[in-house]
Amino acid sequence: MQRVRGSELRLHDAKTVPGRVRSGSRATRVVIASEDEIFRRGLGALLRSESDMKVVGDDATPDDIRGFLRRTRADVALIDIREAREAAPAIPRLALLSRVLIICDSEDPDELSTLVQAGASGVLLRRSTLRDTIAAIRQVARGAIWLTPHLHGALASWLRQGPERQLTRREIEVVRCVARGFRNSEIASVLCISEDTVKTHLHHIFQKLEVRERVGVALHAIRSGLVRVHDQSLPSRSIPR
């Protein structure tokens, strides 16, 4: 089984990895930060071998990457960290420029919740497989949340602490779509409503859940069981292509 560690990285069979975009779709732009040069260069080389990904840069620290992101657009900032609490302050600033996917060693729920609260869109363990790493990048790039399955349970207690209020059936449908990474226009098409109506629903959802971003809505959906982590299924009405 492939592992995400510098010299252990091996090229996978692309046909086995879920979520690959169709030919002709725009490539996902990725930037990598890691103090381990062998790790970041090795992972970067493998991501470049994916036809739907483009590594646009790499550097040692989140602060270095932030400066790069001010000049160059990236869909996902893949950040390899050693200490979660030390890295957390940099995440909100990065999240303003790109979706943030964290790779870390820690399995401590308090440390992991710190990363999610700071604005990370996904958390991977350093020992995750290459297959999971590529799938996570694809999911986060399309606006969904990625949590390694056994981390979901570790974060559940923190997620339950958030305030909740009753959502309407239509609002629940919108929450499910948000958790799957749908844009407002796609939600409108799926639910046969206008984009203005989608925005109104989102405004009410943000107020009821006391969140300010779509990441918070997606975490609520995971916590409450409205969607499963890594669930890529669509609502009964598919999005027109």
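The values are calculated or read from the model by the stated rules, or taken from the named source; none is laboratory data. All values reported here derive from a predicted model rather than from experimental measurement. Positions of Cβ are backbone-derived with ideal geometry, glycine not excepted, and every protein chain shown enters the neighbour counts.
A compact table of results
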{"quantity": "Lone unmet requirement of (1) out of contact with any Pro (no Cβ under 7 Å at 6 or more places or on another chain); (2) surrounded by 14 or more Cβ atoms within 10 Å (Cβ to Cβ); (3) of a type outside the set (S, T, N, Q) for Arg48", "calculated": "(2)"}
{"quantity": "The listed residue being within 13 Å of the chain's Cα centre (by Cα) and either under 28 Å from Ala77 (Cβ atoms) or at pLDDT 75 or above (or both), out of Thr168, Thr197, Thr148", "calculated": "Thr148"}
{"quantity": "The range 175-188, residues that are buried (at least 17 other Cβ atoms within 10 Å of the Cβ) and either modelled with pLDDT of 90 or more or small (Gly, Ala, Ser) (or both)", "calculated": "Ala179, Gly181, Asn184, Glu186, Ile187, Ala188"}
